[in-house]
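Working notes for the structure below.
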Number of protein chains: 2
Amino acid sequence: MSKLSNRERILVAGLKLVHERGFGAASVRDIIEAAGVPLGSFTNHFASKEAFGLEILNLYFAKTREVLAVSLRNDALPPLQRLHAYIEANTKTCQMEGVKVGCLFGNFSAETSYGSEKIRARLVEIFDEIQAAVKYCLEAAVKAGELPVNTECEDIAALIVSSLQGAILLAKAYRSSEPTDQFEKMLFSAVLR
Amino acid sequence: MSKLSNRERILVAGLKLVHERGFGAASVRDIIEAAGVPLGSFTNHFASKEAFGLEILNLYFAKTREVLAVSLRNDALPPLQRLHAYIEANTKTCQMEGVKVGCLFGNFSAETSYGSEKIRARLVEIFDEIQAAVKYCLEAAVKAGELPVNTECEDIAALIVSSLQGAILLAKAYRSSEPTDQFEKMLFSAVLR
């Protein structure tokens, strides 16, 4: 990370640490030490731990947006193949670190949404944006004849977003990719038919 | 709580506080103050915060077992009615405190399973026991002719447990019961048919 500014070092190391340990368990001191920057750097660059939390949430979401662009919103591929690609990208992310870390959006929903209204409001925007991309893909699948015309794209998109979060959460508890694999299998065999 | 011992006061007040704020954010001092007991009581009764965490997890699960007994495992009622009752009991729990708190099992999975192997192992046992009860109910529905004989009861039970956790997690982020209502609707209209 030699070319990064102290601010960037804190964000990169802090995102990794918070994703692993949780927002509460990763203290400012832990983050500073992991980033290898002076103790005063954190307060120089972030007004509060909540402000830092919002920034790492946005950093993580920037990667999610890249995934959405090459999967769900990638018109060059057949729609259901895009949905598979999106779910597999999520499964891969949650397999990081031995399936121990889960999804930052789910972790923040569970741990931080009660205590921070700003983080909760940002999570809602993020889930809305992901759900819109899933809906876009399902509608494309209907247009392409891959799904029946009476498919309830909005409702199924909401189900996919929440059920995928649940599968990632249980994968984290079980330290196994079985819940996410199971979800993908059941989605395509029992829901989308 | 006048008739409770200090130990019981700590467990009851501590469970409420941890369910609301999270395991990390509810400090031992906060818990002691909420319980209205002397500061030394916590260390007198619990070897560590992790040991306390395991006890509140078991206390919460004792209530879940009561729900399982009167819903999924209640042979006096038609099976799919039992499944509805189980999901609605979960929805009600997650609507506590203005849909802010979520399910303790999901919260612990997200926040605490990385840092505590004992709590993680207990969560796996708990999810397994809930999944077995859902499977039992689905098998009863097949026997009663409420579901087709080729229903994949084990796989669908796993999907129900993880998707319900996801719906409760999103309900917490959105502070709305729409994700859980949506899940119930989609489960019965799109999965179990």
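The values are calculated or read from the model by the stated rules, or taken from the named source; none is laboratory data. Given the structure is predicted, the values throughout are model-derived calculations rather than measurements. Counting neighbours? That spans all protein chains shown, and the Cβs are built from the backbone with ideal geometry, glycine included. The area values use the complete protein model at the heavy-atom level, side chains included, leaving out ligands, DNA and RNA. Shrake-Rupley method; radii C 1.70, N 1.55, O 1.52, S 1.80 Å.
Have a look at A:V67, A:V101 and point out the one that is surrounded by fewer than 21 Cβ atoms within 10 Å (Cβ to Cβ) and among the hydrophobic types (A, V, I, L, M, F, W, C). First the steps, then the outcome.
Working: A:V101 fails: surrounded by fewer than 21 Cβ atoms within 10 Å (Cβ to Cβ).
Every option except A:V67 fails the conditions.
Scanning region B:145-171 for residues that are in contact with a Ser or Thr (Cβ under 6 Å, 6 or more places away or on another chain) and facing chain A (nearest Cβ under 7 Å) yields a count of 5.
Please work out which residue is nearest to B:S109 (Cα to Cα), limiting yourself to region B:13-27 and to residues that are of a type in the set (A, V, I, L, M) and either under 16 Å from the mean Cα position of the chain (by Cα) or within 14 Å of chain A (Cβ to nearest Cβ) (or both).
Here is the first cut: in region B:13-27, the ones of a type in the set (A, V, I, L, M) are B:13, B:15, B:17-18, B:25-26.
Narrowing the set further to residues that are either under 16 Å from the mean Cα position of the chain (by Cα) or within 14 Å of chain A (Cβ to nearest Cβ) (or both) leaves B:15, B:17-18, B:25-26.
Working: B:L15: 16, B:L17: 17, B:V18: 13, B:A25: 15, B:A26: 16 Å.
Out of the qualifying residues, it is B:V18.
Per the listing A:A26, A:A35, A:A13, A:A51, the residue uniquely free of Cβ contacts under 8 Å to residues at least 24 places away in the same chain, buried (at least 17 other Cβ atoms within 10 Å of the Cβ) and either among the hydroxyl-bearing types (S, T, Y) or farther than 21 Å from A:L169 by Cα (or both) is A:A13. Evaluating A:P79 against the criteria (1) in contact with a Cys (Cβ under 6 Å, 6 or more places away or on another chain); (2) surrounded by fewer than 20 Cβ atoms within 10 Å (Cβ to Cβ) leaves one unmet condition, (2).
Criterion applied to B:L187, B:L169, B:L147, B:L123 was being within 25 Å of A:A121 (Cα to Cα) and in contact (Cβ under 8 Å) with a residue 60 or more places away in the chain, and the one residue passing it is B:L169.
When A:G53 is evaluated against the numbered criteria (1) at pLDDT below 95; (2) in a helix (DSSP H, G or I); (3) small (G, A, S), which criterion, by number, is the only one it fails? Condition (1) is where A:G53 drops out. Only residues that are farther than 17 Å from A:C153 by Cα and within 7 Å of chain A (Cβ to nearest Cβ) were counted across region B:172-193, and they come to 3. Across region B:144-167, the qualifying residues are those that are out of contact with any Phe, Trp or Tyr (no Cβ under 9 Å at 6 or more places or on another chain) and over 14 Å from B:L83 (Cβ atoms), and the one among them that is least open to solvent (accessible area, probe 1.4 Å) is B:D155. Taking the condition at the interface with another protein chain (Cβ under 9 Å from one of its Cβ atoms), surrounded by 19 or more Cβ atoms within 10 Å (Cβ to Cβ) and in contact (Cβ under 8 Å) with a residue 60 or more places away in the chain, does B:N107 pass? Here the answer is yes, as B:N107 does meet what is asked. All conditions in (1) in contact with a Cys (Cβ under 9 Å, 6 or more places away or on another chain); (2) within 30 Å of B:I119 (Cβ to Cβ); (3) open to solvent by 20 Å² or more (accessible area, probe 1.4 Å) hold for A:A171, with the sole exception of (3). A:C137 meets the conditions (1) touching a residue at least 60 places away in the same chain (Cβ under 8 Å); (2) over 15 Å from A:H84 (Cα atoms) in every case but one. The failed one is (2).
Considering each residue of region A:18-33 in turn, at least one proves to be more than 28 Å from A:A132 (Cα to Cα), touching a Leu at 6+ places or on another chain (Cβ under 6 Å) and outside any helix (DSSP H, G or I).
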